[in-house]
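A.B. asks: Just passing along the structure, written as structure tokens.
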Amino acid sequence: MLRQAARSVLARRGQWRPRLDGRELQHPGDDMPTAKQLADIGYKTFSASMMLLTVYGGYLCSVRAYHFFQRRSSRRQAAEEQKTSGVL
């Protein structure tokens, strides 16, 4: 009973906080990520950006190869047409 009364007094003052994960926060920065968690987040972010960069590079390479072969086939076709029109 006394504990509940103390909670209600502290709650009115805005000083009481409910327990989180079975423990009370003692300092404002207690819920910040640890250095290992920050390192893991940084590693995953870097890895994801490198994967996206690799996919984008593959896309650019394939587009360039596609245009190269398109131009080559159109040049061959133009050369064939020039040969056949010169014969007549």
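A.B. asks: State whether one or more residues within the range 25-32 are within 33 Å of the chain's Cα centre (by Cα) and at pLDDT 85 or above.
C.D. replies: yes
A.B. asks: Now, a different point. Given the conditions (1) in a helix (DSSP H, G or I); (2) surrounded by 10 or more Cβ atoms within 10 Å (Cβ to Cβ), which single one is not true for residue 83?
C.D. replies: That leaves (2) as the condition not met.
A.B. asks: Also, quick follow-up: Quick test for you: out of 9, 63, pick the one residue that is of a type outside the set (D, E, K, R) and either exposed (fewer than 10 other Cβ atoms within 10 Å of the Cβ) or at pLDDT 95 or above (or both).
C.D. replies: 63 is the lone residue from the list that is of a type outside the set (D, E, K, R) and either exposed (fewer than 10 other Cβ atoms within 10 Å of the Cβ) or at pLDDT 95 or above (or both).
The values are calculated or read from the model by the stated rules, or taken from the named source; none is laboratory data. If you're wondering where the values come from, they're calculated on a predicted model, not measured in any experiment. Every residue, glycine as well, gets a Cβ built from its backbone with ideal geometry; the counts of neighbours run over all protein chains shown.
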